[in-house]
Amino acid sequence: MHTAVKVFLFISLIAILFSCEEGSMVDTDTKTAGSGKGGSMARMTIVNNYLYAVDGSNLKVFDISKPQKPVFSKDVEIGRSIETIFGLKNHLYIGSTNAVYIYNIDDPTNPQEVTMIQHLLSCDPVVANDTVAFSTIRTTSSCRWNTSSVNELLILDVSNMSNVYTQHAYQLDFSPFGLGLKDTTLFLCKGSEGIDLYDIRNLADPLNNQLVPFNQLNNVDAFDVIIHDDFLMVVGENGLIMYDITDLMNIQKLSEINPD
């Protein structure tokens, strides 16, 4: 198994466990998801007392209100080649090789499809905030579907769930991987080329055709990122690297775990 994938799965598990522990201290009436606790390549996410996981074609729902005794609740068939899941408040963003699916979880045990946005066949990590969702597709994809030599950053307008649409598609001159959000900053992984930081207020501007990062992290292999408060965890071929991102113009490396 690819080193970055092994490390990511390990870190995702840590993130999920951390979210469970943290969730026990949160008012259960507050509809907040563990967004930022798991990366955009994650195959599971926690929202309140429920764990949502995806396999190749299904969304699986687990009641984890008693963490020591999780209960399987439901299996929801979504489609083919389902890869990633990202939870935000009362919605799940699910990435497949040809689409982004959005599900409403007002009824947490009965997810309902809101919409589906199709795109070119490729791997598809997704992150979102209340108004905009971001997704990447890449040519050098392990999915082996994308034969069109297109690398893109897709911007989806999700401010109105009854009218979700692709607001912009930025063409990239590199192969994008995972991505993460912190406030108004998008972290975009570029594999062996590091990470670009973008101001999402500019990216979401329909009149903006420029894709110019305001900062970059170089000399790091980045498969995906996990963001929690002012800490950035970068998962890559070399393992896990943690950064302090309190000052986005002066990011400080804190520690590194090498799987070797």
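The values are calculated or read from the model by the stated rules, or taken from the named source; none is laboratory data. Predicted model only: the values in this text are computed from it and were never measured. Here the Cβ positions follow ideal geometry from the backbone for every residue, glycine too, while neighbour counts run over all protein chains shown.
Please work out which one of (1) assigned to a strand (DSSP E or B); (2) touching a residue at least 24 places away in the same chain (Cβ under 8 Å); (3) buried (at least 17 other Cβ atoms within 10 Å of the Cβ) is the condition ASP196 fails and give its number.
Among (1) assigned to a strand (DSSP E or B); (2) touching a residue at least 24 places away in the same chain (Cβ under 8 Å); (3) buried (at least 17 other Cβ atoms within 10 Å of the Cβ), ASP196 violates only (2).
So for the range 176-190 (the condition being loosely packed, with under 15 Cβ neighbours inside 10 Å, over 16 Å from GLY95 (Cα atoms) and modelled with pLDDT of 90 or more), does at least one residue qualify?
Within the range 176-190, one or more residues are loosely packed, with under 15 Cβ neighbours inside 10 Å, over 16 Å from GLY95 (Cα atoms) and modelled with pLDDT of 90 or more.
Condition check: surrounded by fewer than 18 Cβ atoms within 10 Å (Cβ to Cβ), of a type in the set (A, V, I, L, M) and either modelled with pLDDT under 90 or within 16 Å of the chain's Cα centre (by Cα) (or both). Does VAL150 satisfy that?
It is true that VAL150 is surrounded by fewer than 18 Cβ atoms within 10 Å (Cβ to Cβ), of a type in the set (A, V, I, L, M) and either modelled with pLDDT under 90 or within 16 Å of the chain's Cα centre (by Cα) (or both).
Identify, from the list ASN219, ASN202, ASN208, the residue that is more than 19 Å from the chain's Cα centre (by Cα) and not in a loop (DSSP other than H, G, I, E, B). I'd like the intermediate steps shown before the answer.
On the way: ASN219 fails: not in a loop (DSSP other than H, G, I, E, B); ASN208 fails: not in a loop (DSSP other than H, G, I, E, B).
Every option except ASN202 fails the conditions.
Would you mention how many residues in the range 244-260 are assigned to a loop (DSSP other than H, G, I, E, B) and either farther than 24 Å from THR84 by Cα or modelled with pLDDT of 95 or more (or both)?
Number of matching residues: 9.
With the condition kept exactly as written, say whether any residue in the range 229-243 is within 22 Å of VAL100 (Cα to Cα), in contact with a Phe, Trp or Tyr (Cβ under 9 Å, 6 or more places away or on another chain), among the small types (Gly, Ala, Ser) and not in a loop (DSSP other than H, G, I, E, B).
No, that holds for no residue.
Just to be sure, is LYS89 modelled with pLDDT under 95, closer than 30 Å to LYS190 by Cβ, of a type in the set (Lys, Arg) and touching a helix residue (DSSP H, G or I) at 6+ places or on another chain (Cβ under 6 Å)?
The answer is no for LYS89.
Do we find a residue being at pLDDT 90 or above, touching a Leu at 6+ places or on another chain (Cβ under 8 Å), among the hydrophobic types (A, V, I, L, M, F, W, C) and surrounded by 14 or more Cβ atoms within 10 Å (Cβ to Cβ) anywhere in the range 210-220?
yes
Within the range 63-74, can one find any residue that is modelled with pLDDT under 90, among the small types (Gly, Ala, Ser) and surrounded by 14 or more Cβ atoms within 10 Å (Cβ to Cβ)? It would help to see each step written out before you state the result.
To start, the set of residues in the range 63-74 that are modelled with pLDDT under 90 comprises 67.
The next check asks that each one be among the small types (Gly, Ala, Ser); those that pass are none.
The answer is no; no qualifying residue exists.
I need the full set of residues from the range 18-54 which are modelled with pLDDT of 90 or more, of a type outside the set (Val, Ile, Thr) and under 17 Å from the mean Cα position of the chain (by Cα), in order please.
If the condition is that a residue be modelled with pLDDT of 90 or more, of a type outside the set (Val, Ile, Thr) and under 17 Å from the mean Cα position of the chain (by Cα), then MET44, LEU51, TYR52, ALA53 are the ones that fit.
For the range 47-85, what are the residues that are part of a loop (DSSP other than H, G, I, E, B) and of a type in the set (Val, Ile, Thr)? Break it down into steps so the answer makes sense when it comes.
First, the residues of the range 47-85 that are part of a loop (DSSP other than H, G, I, E, B): 48-49, 55-57, 64-70, 78-81.
The answer is ILE64, ILE78.
Looking at SER122, is it farther than 27 Å from LYS253 by Cα, surrounded by 22 or more Cβ atoms within 10 Å (Cβ to Cβ) and modelled with pLDDT under 95?
On the way: farther than 27 Å from LYS253 by Cα: yes; surrounded by 22 or more Cβ atoms within 10 Å (Cβ to Cβ): yes; modelled with pLDDT under 95: yes.
So SER122 passes the test.
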